[in-house]
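Student: Please read through the structure below; I'll follow up with questions.
The values are calculated or read from the model by the stated rules, or taken from the named source; none is laboratory data. No experiment lies behind these values; they were computed from the predicted model shown. Note: ideal-geometry Cβ built from the backbone for every residue, glycine included; neighbour counts use all protein chains shown. Heavy atoms of the whole protein, side chains included, go into the accessibility calculation; ligands, DNA and RNA do not. Shrake-Rupley method; radii C 1.70, N 1.55, O 1.52, S 1.80 Å.
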Amino acid sequence: MNKYLKWTLIGLGSLIVLLVIVAGIGYKVLSNRMFSFEDDYNEKDAVITEMTVDGVTFFDRNQNGRLDVYEDDRQPIEARVADVMAQMTLEEKIHLLKGSGLASAMGMVEGGIAGAVGTIVPTPRLGIPTVYLSDGPAGLRIQPTREGEDRTYYCTAFPIATLLASTWNVDLVGQVGSAMGNEALEYGIDVILGPGANLHRHPLCGRNFEYYSEDPVLTGEMGAAMVNGIESHGVGTSVKHYVANNQETQRNTNNAVISERALRELYLRGFEIIVKKSQPWTIMSSYNLVNGKYVAENPYLLTDVLRGDMGFEGLVMSDWFGGRDAVAMVNAGNDLLEPGTKPQWDALLEGAEDGSLNMEAVDTSVRRILELIFRSRKMQNYAYGNNPDLDAHAQVTRQSAAEGMVLLKNDGTLPLQDIRNIALIGVTSYDFIAGGTGSGDVNEAYTVSLEEGLTEAGFEINSAARAAFQSHKAANPEAFEKPKGLSAMTQPYDPPEMQLSADQLEECVSTADLAIVTIGRNSGEGGDRVEKDDFLLSAEEKEMLATTIDAFHAQGKKVVVVLNIGGVIETASWRDQPDAILLAWQGGQEGGNSVADILRGAVNPSGKLPMTFPVHLDDHAANANFPLEGGTMDLVSFLSQEGPKPESEWVRNQDVTYYEEGIYVGYRHFDKAGLEVSYPFGYGLSYTRFSHAGMATSLSSDTLTVRLTVTNEGDVAGKEVVQLYVGKPGSAVDRPERELKAFAKTPELAPGASVEVVMTVPVADFAYWDEGRAAWTVEPGTYQVQVGSSSRDLPLSQMVEI
């Protein structure tokens, strides 16, 4: 199935659901499923009175005229929570376990924040306020306009997670998180639903752009930095999707069958690092099943592993409409059910009556939810101003996007010198893609195209090339209409590629100094990508690229390719043709400016790949167990709460996916199998050259310390990423050749300057998961520690004895 037909079918499924709702067919099921109108609660926040008693000013939340412990912000949160729980009825406690429904959250009832997707409900009798939740992996997602108001509520579209991981710069990612947290605070949002911490198991996962890397260490370090940045403003995060939500196809009923070793070493590891380095306020359980059980109903994953082994202290919330059995979810440790439905409310009340709902689990979940509420700025009656500094945040976006763009090839073409007139080829040059679709999208005020970025930087845009684009756009008006609302999720914007006639191309060549060909790709929530015309270039793109390169090269002029993409595409078959290739990813609203900064040399590229670019899609070990036809989530079964099919009816890679590759995902597989790759994990070029020298290791009882000197050997200032890998030659256990254990990014080094880089690795991180012992095990013996600039460029090496 080609990508156009695929997205059309998703759109039809969405339309059917909407028609069912609008027409009232199945209204009882679907409306109760989505909205909680029938709860006997006033969902509005209570009016809070400020009082002063015995010289102490406080908010009298329960209107009893005295200072209760829970109202006293001088008391520790634990004491305040215990006090308010003692005053709550059982019905109030159970009510707190579920959100107020999509209607309230999305501003469809008075008092909501338009565009927020969920809430923690208020307890009006006790003055406990509503807490608002909003999507936000790449920036806050709320409605930019509101009925009856003449102002706007735009948010900043930051770079996608994959680009941020390509910076390998935890401090910079923390700055992005801080800006994002500030916007949430200013707009009254209490918890951002992000970041995403799933691995890039396979290049075709539709939501890879929301996730950082194929490697759990890089994922964990980036995720922790983002969480710490956001939460520094008193705004929570919800790290998602725990765990193994690695495909969109049938995501709400897919059973991921994974070995315990692969779970521990890969899919849980990134979450574990985030928990230990940032203790996020919440973690979001995923839709899928793992080894036959819904994650949202799985006490082993939610309680034994997440709380027991990892030490997570916050609350777990479901993904929207995730899980099937509300009682089983709470009993398992899924504290908060979002967005909250009437059937869930009824099931919890019934479970309390018949004894199936564990009252100890209820109290535990209520305590966790209340601890979040008491930590939030809402409990401080914070008066948010709705005026974040969007200009300052745009600069953060521009800087971070430029630092995460990866220079894949450069035959002396970049930075551009003595170039004035540039022919922009490809529709995406004029219509840059800021980010993916679905819950990872942002309602930003603008997106800077490559055309606009280059113009702002002082270049001339070739008029012949631009006229060809305008003619192409005029001939395909409907294709250039960007979908909005639900359609934007189910039908990603994907206009046909432009083709220049021989005369048009000849005019471009004769009047331009250089050509830039932009290749665009988009994907998002609701569907997975496909190989044809997506991972692979389309026939039109191949022709556009080849004819442009041939024509410009014939006149001694160069061609640069810019990849404005959210996930990996095939490059091996054509990478030798252009003179330079810049992987721009999707850089948020300032993407065009960020690309221009690199092309003109205002920024020296320092991004490194957070995943491997394979020669062939089938080179991935996971390719045998992934829905290559580009399947989608089933919206009808999703909304109607259909459970998984009987095993006899399972369709492989849709209803069940066997992770037969085990621990061999990404570079772990390519290195173990000795496969050639197009670009290796950790790869990225610079406008300068760096040397790594003087490696020294020291080993204490519990920590390996590695020191080395990095020197800028070129004549341009720049930053370098130093990567540390560990392997165990001759291991008695089947292990990867090497695994990333630490990394560091240098400050900007002037030409000739050096810096000492120090990296540490806990000895515990040398362990593998021993399934026989059900424990982490450090294998004694000799380990090889390698340091360099990519997984296949490791000039420094030493052996250490454990």
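Student: Within 10 Å, count the other beta carbons around each residue, average over each peptide in 338-346, 234-242, and list them highest first.
Tutor: Output ranking for 338-346, 234-242: 234-242, 338-346.
Student: May I ask for the net charge around Ala46, where only other residues with Cβ less than 10 Å from the Cβ of Ala46 are counted and Lys, Arg are +1 while Asp, Glu are -1? Write out the running numbers ahead of the final one.
Tutor: Working: positive: Lys44, Arg61, Arg125; negative: Asp45.
Result for the local shell: +2.
Student: Any idea which of Trp585, Pro495, Leu537 is furthest toward the positive side of the dipole for the stretch 477-587, if Lys and Arg beta-carbons carry +1 and Asp and Glu beta-carbons -1?
Tutor: Trp585
Student: Let me ask another. Give me the percent of accessible area attributable to carbon and sulfur for the chain, probe 1.4 angstrom.
Tutor: Here carbon and sulfur together make up 48 percent of the probe-accessible area.
Student: First measure r as the distance between the Cβ atoms of Leu675 and Ala753, then evaluate 1/(1 + (r/R0)^6) with R0 = 41 Å and state the FRET efficiency to the nearest 0.05. Before the final figure, lay out each step's value.
Tutor: Working: r = 37 Å, r/R0 = 0.91.
After rounding, the FRET efficiency stands at 0.65.
Student: When the Cα atoms of the stretch 507-553 are enclosed in a convex hull and the volume is divided per residue, what value in Å³ results?
Tutor: Spelled out: Cα convex hull of the stretch 507-553, divided by residues, is 83 Å³.
Student: So, with +1 on the Cβ of K and R and -1 on the Cβ of D and E, and no other charges, what is the size of the charge dipole of the stretch 150-234 about its Cα centre, to the nearest 20 debye?
Tutor: In debye, rounded to 20, the stretch 150-234 gives about 220.
Student: Return the FRET efficiency for the residue pair Thr705, Ala624: r is the Cβ-Cβ distance, R0 is 60 Å, and the value is rounded to the nearest 0.05.
Tutor: Result of the calculation: an efficiency of 0.90.
Student: Mind checking the full-extension length gain between Tyr382 and Gln470? Use 0.36 nm per residue of separation minus the Cα-Cα distance, one decimal, nm.
Tutor: 26.8 nm
Student: Sequence-distant or interchain residues sharing an amide H contact under 5 Å with Lys409, placed H: which?
Tutor: Counting only residues 5 or more places away or on other chains, the set is Ile581.
Student: Let me ask something else about it. Taking the Cα centre of the stretch 299-352 as origin, work out the dipole magnitude from +1 charges on Lys and Arg Cβ and -1 charges on Asp and Glu Cβ, in debye rounded to 20.
Tutor: On the way: 3 positive and 9 negative charges, 18 e Å.
Magnitude of the dipole: close to 80 debye.
Student: Membrane-span-like helices in the chain: DSSP H runs reaching 20 Å or more (Cα, own axis), mean Kyte hydropathy at least 0.0?
Tutor: Qualifying helices, which must be both long enough and hydrophobic enough, are 3-23, 170-186, 216-231, 359-375.
Student: Could you state the accessible area per residue of the chain in Å², with a 1.4 Å probe and every protein chain left in place?
Tutor: 35 Å²
Student: Output needed: percent of Cα pairs per 10 Å distance bin for the stretch 470-614, bins running from 0 to the one holding the longest distance.
Tutor: 9, 35, 39, 15, 1
Student: In nanometres, what is the gap between the two model label sites at Ala717 and Ser538, each 7 Å from Cα along Cα-to-Cβ?
Tutor: 4.3 nm
Student: What does the highest-first list of 383-391, 510-518, 581-589 look like by mean Cβ count within 10 Å?
Tutor: Top of the packing list down: 581-589, 510-518, 383-391.
Student: If you don't mind, there's one more thing I want to ask. Restricting things to alpha carbons, tell me how big the stretch 696-802 is in terms of Rg and Dmax, in Å.
Tutor: Cα radius of gyration and Dmax of the stretch 696-802 are 15.7, 55 Å respectively.
Student: Between Ala693 and Asp411, how high is the FRET efficiency from 1/(1 + (r/R0)^6) when r is the Cβ-Cβ distance and R₀ = 25 Å? Nearest 0.05.
Tutor: 0.35
Student: Placing +1 at every Lys and Arg Cβ and -1 at every Asp and Glu Cβ, with all other atoms neutral, what dipole size does the stretch 92-230 have around its Cα centre, in debye to the nearest 20?
Tutor: It comes to approximately 380 debye.
Student: Can you give the Rg to Rh ratio of the stretch 151-226, both from alpha-carbon atoms, with Rh computed by the Kirkwood formula?
Tutor: 1.00
Student: Can you work out ³J(HN,Hα) from phi for every residue in the stretch 676-693, in order, using Karplus 6.51 cos²θ - 1.76 cosθ + 1.60 and θ = phi - 60°, giving whole Hz and x for Gly and Pro?
Tutor: Ordered by residue, 3J(HN,Hα) equals 5, 10, 6, 9, x, 4, x, 7, x, 8, 9, 7, 10, 10, 10, 10, 10, 8 Hz.
Student: Return the inverse of the average 1/r over all pairs of distinct C-alpha atoms in the stretch 146-299, which is the Kirkwood hydrodynamic radius, in Å to one decimal.
Tutor: In the stretch 146-299 this quantity evaluates to 16.0 Å.
Student: In whole Å, what are the Cα extents of the chain along the three principal axes, biggest one first?
Tutor: Over the chain, Cα extents along the principal axes are 83, 67, 66 Å.
Student: Using only the Cα atoms of the stretch 263-416, what do you get for the radius of gyration and for Dmax, in Å?
Tutor: Over the stretch 263-416's Cα set, Rg and Dmax evaluate to 21.0, 74 Å.
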